[in-house]
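Q: Before I ask anything, let me first share the structure, which is written out below as C-alpha cells.
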C-alpha cells in the first residue's frame, strides 16, 4: 500500500501547485520574470505543504488486526501453516503494487479467507490433509498470477495480448476468491453434520423424557 500512498501524495502536491499557478495568473498575471519566480516559489511551497499533509492522512481502509495463529505442536502442520502464511505475505506485497481497486479488494478477500483456512487447520490439525491441493497448487498459482500482473504494470507492457492477460487475471481473481471461501466451508462440513446429528439426538431424548412442550402435553394427557 506504500506505493499507492506515495502516488496519492504526489498527486495532491501537483494539484495544489497547479491551483496556485492558476490563481496567481488570474489575480496578478505574469509581468516579467519576477512574477514567474514569485509564482514558482509559492507553488513549490504550497505543493510541499500539501505533500506533507497528504502523508499524514491515510485514506485507505485499514484491515482489522489479525489474531495470531497459535502453534499446534505438530511440526508438519505448523510447517504447512507457516509456509502458507509466507505465501500470503508475498501475495499482499504484490497487492501493494497493483493499482486496480477491484482486483486489490479481491486479493484482500483472498488473504482474509486463506488466513481463516489456516486458523481452522491450526485449531483442528486433523484437517490438514484437506488443504493439500490448496497449498500445493491453488495458493502458489495465485501468487504467480498476481506477480505476473504487477510486473506487466511496472514494465508498462502493452499490446492486445497483454491487455487480454490482465483481464483474464482480474477475472480469475474473482473466481479464486469464491473458491477459497468454498474451501473454508468444506473444512466445516463434517462439523456441521456432527452438530446437526447432536441436535437431532438431543431433541429426541428430550422428547422421550418428557422435557419438551410436546412431551409435557403427552404426559398430562396420559395422567387424565
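Q: Here is a check on your reading of the model: is residue 106 in a helix (DSSP H, G or I) and at pLDDT below 65?
A: no
Q: Now for a different question. Of the numbered conditions (1) farther than 30 Å from residue 128 by Cα; (2) at pLDDT below 90; (3) out of contact with any helix residue (DSSP H, G or I) (no Cβ under 7 Å at 6 or more places or on another chain), residue 65 fails exactly one; give the number of that condition.
A: Every condition holds for residue 65 apart from (1).
Q: Return yes when residue 171 is touching a helix residue (DSSP H, G or I) at 6+ places or on another chain (Cβ under 7 Å) and in a helix (DSSP H, G or I) and no when it is not.
A: No; evaluated as a whole, the condition is false for this residue.
Q: Please find, among 126, 122, the residue that is assigned by TED's automatic domain parsing to the domain that holds residue 179, surrounded by 15 or more Cβ atoms within 10 Å (Cβ to Cβ) and part of a helix (DSSP H, G or I).
A: 122
Q: Can you find even one residue in the stretch 143-157 that is at pLDDT below 85 and more than 25 Å from the chain's Cα centre (by Cα)?
A: no
Q: Would you check if there is a residue in the stretch 86-97 being under 20 Å from the mean Cα position of the chain (by Cα) and outside any helix (DSSP H, G or I)?
A: Within the stretch 86-97, one or more residues are under 20 Å from the mean Cα position of the chain (by Cα) and outside any helix (DSSP H, G or I).
The values are calculated or read from the model by the stated rules, or taken from the named source; none is laboratory data. Small disclaimer: the values here were computed from a predicted structure and weren't measured. Glycine also receives a Cβ, built like all others from the backbone with ideal geometry; neighbour counts cover every protein chain displayed.
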